[in-house]
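Data block below; observations after.
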């Protein structure tokens, strides 16, 4: 599933307005229905961000992979729940009814998903948990970053990735100023973890300067990552991959400039292009 967004595309020193296909990202609340001591219970066990479609497969694999069930025969039925909502008119809740619940520990399951997840919304136990706790938009007047600095940002980040150079299987996030100087960088196998590490480092060392800096990430840009950057008051976020629809919507809501598909001679500005100096 994808949706078209109008973007500003820069390539070979020229810009144009084009329609770009963006992958849809929506939250999915996964509920478990089970019978315990002859009484039916419904528990929300987790919420995850996903591309809509095949939600029944998603919850089946989730229950198996997390050892909540031992085999798929324990799933009696899977149902979409709730009203169809949002711009895409889809259900964002799925419920699995399971049998053989004698050894089921719902409390332990819920604790695991809340405490073991480092992404901004995954593991939360209510759709309300994805609401961003921030009252004000970011200042549209800063930072102002030259296009040349943005174009070389992925290379700047890779040069800081000692683990990536060895394994090729690691993500990174970096804090860069308007002169193209890396202020801090961190690596991790998880994109969310890498960004959390970067933010923690910069906070501890008091390195954040929203008027002069932007954050760059490896991989695609989704809602959770934009949410984390929003909390730092940094107004520009870039990535080498694509943003999701919810990431763009969140960036638009709070006036973050979101830039994706950054290559040596091109990038796409998805929101608030006035922060980028293209001349």
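What to note about this one:
- Checked against the criterion of being closer than 30 Å to residue 179 by Cβ and modelled with pLDDT under 90, the candidates 144, 134, 110 yield just one match: 134.
- Residue 237 being surrounded by fewer than 19 Cβ atoms within 10 Å (Cβ to Cβ), assigned by TED's automatic domain parsing to the domain that holds residue 152 and either more than 16 Å from residue 5 (Cβ to Cβ) or in contact with a helix residue (DSSP H, G or I) (Cβ under 9 Å, 6 or more places away or on another chain) (or both): no
- With a requirement of 2 or more residues that are within 30 Å of residue 265 (Cβ to Cβ), the strands (runs of 3 or more DSSP E) lying completely within segment 5-101 that satisfy it span 14-23.
- Candidates 4, 11 - the one that is at pLDDT 85 or above and over 21 Å from the mean Cα position of the chain (by Cα): 11
- Single residue of 108, 80 found to be surrounded by 13 or more Cβ atoms within 10 Å (Cβ to Cβ) and farther than 22 Å from residue 224 by Cα: 80
The values are calculated or read from the model by the stated rules, or taken from the named source; none is laboratory data. Since the model is a prediction, treat every value here as computed from it, not as a measurement. All Cβ positions, glycine included, derive from the backbone under ideal geometry; neighbour counts span all protein chains shown.
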